[in-house]
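Student: What follows is a structure written as structure tokens; I'll ask about it next.
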Amino acid sequence: MLIIDNPCCETCKFNFGSVCASHGYRLDNNEDTYGMTIDETKEMFPNGCSEYFPSLDYFSKLCEQGKVPPFEELMEDLFRKK
């Protein structure tokens with residue numbers, strides 16, 4: 001299983017520089033997070049939101065650090081019936 005130690009906007013694939021492109025829900029008004037400024041998103045979700053997914057760069061760093069299990073394990077986790 002892939003475990004992200006510190007999910008946050010900095011390492012999220014939905015971080016488009018100055019705006020968030022995820023479709024989660026804001027904590028203040030329950031509206032879509034899409035289009036929020038990254039600064040506002042970081043403040044609202046310091047530990048990442050429910051839509052967090054690691055960016056390719058961050059995922060690559062995790063692989064280099066040996067923190068990503070073998071591909072077969074990842075696929076098993078992904079498709080494991082709950």
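Student: List pairs: first residue in the range 56-72 and of a type outside the set (Gly, Ala, Ser), second residue assigned to a helix (DSSP H, G or I) anywhere in the structure, Cβ distance under 6 angstrom, at least six positions apart or on different chains.
Tutor: Close Cβ pairs (under 6 Å, with a partner that is assigned to a helix (DSSP H, G or I)) amount to TYR58/THR11; VAL68/LEU62.
Student: Are there any pairs with C-beta distances below 9 angstrom linking a residue in the range 4-23 that is free of Cβ contacts under 8 Å to residues at least 24 places away in the same chain and surrounded by fewer than 20 Cβ atoms within 10 Å (Cβ to Cβ) to a residue that is in a strand (DSSP E or B) and β-branched (Val, Ile, Thr), with the two at least 6 apart or on different chains, and if so which?
Tutor: Final answer for the pair search is SER18/THR37; VAL19/THR37.
Student: Can I ask one more? Would it be correct to say that TYR52 is in contact with a Pro (Cβ under 8 Å, 6 or more places away or on another chain), aromatic (Phe, Trp, Tyr) and within 15 Å of PRO7 (Cα to Cα)? Show your work before the answer.
Tutor: Details: in contact with a Pro (Cβ under 8 Å, 6 or more places away or on another chain): yes; aromatic (Phe, Trp, Tyr): yes; within 15 Å of PRO7 (Cα to Cα): yes.
Spelling it out, TYR52 is indeed in contact with a Pro (Cβ under 8 Å, 6 or more places away or on another chain), aromatic (Phe, Trp, Tyr) and within 15 Å of PRO7 (Cα to Cα).
Student: Within the group LYS42, LYS67, which residue is open to solvent by 80 Å² or more (accessible area, probe 1.4 Å) and of a type outside the set (Val, Ile, Thr)? Before you say what the answer is, go through the steps one by one.
Tutor: On the way: LYS42 fails: open to solvent by 80 Å² or more (accessible area, probe 1.4 Å).
Among LYS42, LYS67, only LYS67 is open to solvent by 80 Å² or more (accessible area, probe 1.4 Å) and of a type outside the set (Val, Ile, Thr).
Student: Looking at the range 55-63, can you tell me whether even one residue there is touching a Cys at 6+ places or on another chain (Cβ under 9 Å) and at pLDDT 85 or above? Spell out the reasoning first.
Tutor: Narrowing the range 55-63 to residues touching a Cys at 6+ places or on another chain (Cβ under 9 Å): 55, 58.
Filter once more, keeping what is at pLDDT 85 or above: 55, 58.
Yes, some residue in the range 55-63 is touching a Cys at 6+ places or on another chain (Cβ under 9 Å) and at pLDDT 85 or above.
The values are calculated or read from the model by the stated rules, or taken from the named source; none is laboratory data. None of these values were measured; they are calculated from a predicted model. No Cβ is skipped: glycine too gets one built from the backbone with ideal geometry, and neighbour counts run over all protein chains shown. To get the accessible areas, we keep the full protein, side chains included, count just its heavy atoms, and leave off ligands, DNA and RNA. Shrake-Rupley method; radii C 1.70, N 1.55, O 1.52, S 1.80 Å.
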